[in-house]
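For reference, the structure discussed in these notes is given below.
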Amino acid sequence: MVTDIIIDFLRGYTLRDKYCGTVSKDDIGSTLTLSGWIFRRRDHGGLIFVDLRDISGIFQVVFSPDISPEAHEKAGDLKQEYVIKVTGRVQMRPEGTENTGIPTGEVEMYVVSFEVMNTCKALPFQLDEEDVNESLRLKYRYLDMRRPLVQKVFLERSKAYKVTRDYLTSHGFHEFETPFLTKSTPEGARDFIVPSRLNSGTFYALPQSPQLFKQILMIGGFDRYFQIVRCFRDEDLRADRQPEFTQVDIEMSFVDVDDVIGLCEGLVAAIYEGLRGEPLTTPIMRMAYSEAMERFGSDKPDLRFELPMEEITEIFQETGFGVFKKTIDDGGAIKGIVLKGKTLSRKDLDTAVETTKEMGAGGLIWIRKDNDGLQSPIVKYLSDNEKMAMIERLGLSNGDVVFIMADKRSKVNDIMGRFRLYLGEKYNLVMKDQFKFLWVVDFPLFEYSEEDKRYVARHHPFTSPQGNIQDFHGDYEAFKAKAYDLVLNGVEIGGGSIRIYRMTDQLEMFKLLSIKEEDAFEKFGFLLEALEMGAPPHGGLAFGFDRILMMLLGLDSIRDVIPFPKTQRGTCLLSGAPSKIPQKQLNELRVRITGEQQ
Ligand code: ASP
């Protein structure tokens, strides 16, 4: 229970004197009025016992015919989750009947009078039942929230807001709100749009993030901005995604990468300590994007276990083994992952091969080291030198298995990266109780979009390159950004960048992204104009607040930390949104529904 955060400030209030969970031996002899819900009711030897519950915890009240025959009789009708107000004297529980499981377990109250303030229909699920169906929990979220564990999550969430505000305001940040009815800002996802009645035929977009507004605030001279803000992205939903989610959004003036990272690290450490009750060791490790991709096949590596990919391409430069030779001739890569200290059966090895095939691999080679050297269907094709070099390069000991893939570099990285996660889970290598934070830095500025058939901004188009954008010589893949992501246990929990702050540079960036100048002005004219009026160097970051909470509280779904989340289909089971709207409203908006309505 959460008595630590409930302050006893109720004396003199009309409907109660104290929270249930705060009644203690100090109250013995005093007459108190308490209000709350009936959690459990038991009839025993002529007495009726009720566990009265409020946000602070549980307190036992007793109805006895000797103290108040009238109250005792009325109490016979009480049911679960009725809301009652009771008055009576607090006393010690008789010896042997104390309950050491709850903080109020030494005391109880004999009721002199009480009032039923509200009744409760039969419950769709029992509050102390585990494994309640999630749809039912979301439909009756208010009942779900009365469960102590769920309640605790949202009180922790409230604490995290406070820690965030305290940290940032004490570091010179000012809190702002930015518009929800706005123009679309490209963050790469689909916008939610809102039709404008007053300007018919035009639409607002709900913000995917306050990116441009926070930059404008820096140009407005506010120096340090933050906002705990809802963002909206119309994406297909997964367990860790919601159409509306909360970001801790940060922007600072006159900073470079290390300044933003340092400041944000302090915030993460404060939230970590607030929620987990222990300090976080900083500085957080940093890794270049290229290393993350080459060794872990991911821009958000899970470092709760090792198992890096090792490049062994150079060992096979002169190889006679056809698969490796072809890979090298085609400019590809050969990489291995060494699994140590596990006894793998032939079946395990076959399953591993199958798994990578399901992931899209052309093939996976395994080699086992034992007393007689390397064992594998392919070793006969390898020279002694190659075998020796592999043993040395990969540090192979007896019993070790190395899995090798040879293909296009990006494909090897991608599939081996996913295969690494599979091995980590399958062989219990992931240290589940650990929190491994990592900054991934030195991202590429651009990435190729197969869908758009052009280079797009990897972070967003306002991100500054490392070096001068005017010096760009045409190698999109090699140009690096002043961008950084914060990763926790393989999940991206924050990301940001230093921004372009000169108008000519921003225009150049749009040009490199094949955005026509007139389109750039149409969409971002206000930013371009502002950049021409003394914009300071600035940069920032946004944290996914829900994701951080989910992870630090050890929960599996982002829905568990959002009071009123949407389902995978984007619906709210409590309110029934989204819903149809009356024709009159559609007419006012001059919106017509075409095609089949679902
Ligand atoms: N607006 C960015 C995002 O939502 C974060 C940032 O660059 O500060 O990902």
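A short reminder: the numbers here are calculations on the coordinates, not readings from a lab. Because the structure is a prediction, the values reported are computed rather than measured. Methodologically, a virtual Cβ is constructed for each residue, glycine included, from the backbone with ideal geometry; neighbour enumeration extends over all protein chains shown.
Filter the cross-link list LYS408/LYS482; LYS340/LYS411; LYS342/LYS426; LYS387/LYS411; LYS342/LYS411; LYS326/LYS387 down to pairs whose alpha-carbon distance in this structure exceeds 21 Å. Pairs exceeding the cut-off: LYS408/LYS482; LYS340/LYS411; LYS387/LYS411; LYS342/LYS411. Rounded to the nearest 10 degrees, the angle from helix 257-276 to the longest Cα principal axis of the chain is 40 degrees. Among 250-259, 67-76, sorting by the average number of other beta carbon atoms lying within 10 angstrom of each residue, highest first, gives 250-259, 67-76. Distance between the C-alpha centres of region 472-531 and region 142-167: 36 Å, rounded to the whole angstrom. Relative contact order of region 464-598, taken over Cα pairs closer than 8 Å and 6 or more residues apart, is 17 percent. Take 292-304, 49-61, 390-402 and order them by the average number of nearby Cβ atoms within 10 Å per residue, most first; the result is 49-61, 292-304, 390-402.
Report for the chain the percent antiparallel among DSSP-assigned beta bridges with both residues inside it, nearest 5. Antiparallel bridges make up about 95 percent of those DSSP assigns within the chain. The long axis of helix 517-531 is offset from the longest Cα principal axis of the chain by roughly 60 degrees.
Taking Cα atoms only, the orientation of helix 148-169 departs from the longest principal axis of the chain by about 60 degrees.
Relative contact order of region 321-474, taken over Cα pairs closer than 8 Å and 6 or more residues apart, is 26 percent.
The alpha carbon gyration tensor of region 507-598 gives principal lengths a ≥ b ≥ c with a/c of 1.5 or higher and a/b no greater than b/c, which makes the shape oblate.
Within straight-line reach of LYS162, meaning a Cα separation under 27 Å, sit the following lysines at least 8 residues removed in sequence or on another chain: LYS18, LYS152, LYS214, LYS436, LYS566.
Net charge of the neighbourhood of GLU477, taken over other residues with C-beta under 12 Å away and scored Lys/Arg +1, Asp/Glu -1, is +1. Let me check against my output: what whole-number percent is the relative contact order of the chain, with C-alpha pairs under 8 Å and at least 6 apart? So the answer I get is 13 percent.
Considering helices alone, the calculated mean residue ellipticity of the chain at 222 nm is -8000 deg cm²/dmol, with DSSP H runs of length four and up weighted by -39500 (n - 2.57) and normalised per residue.
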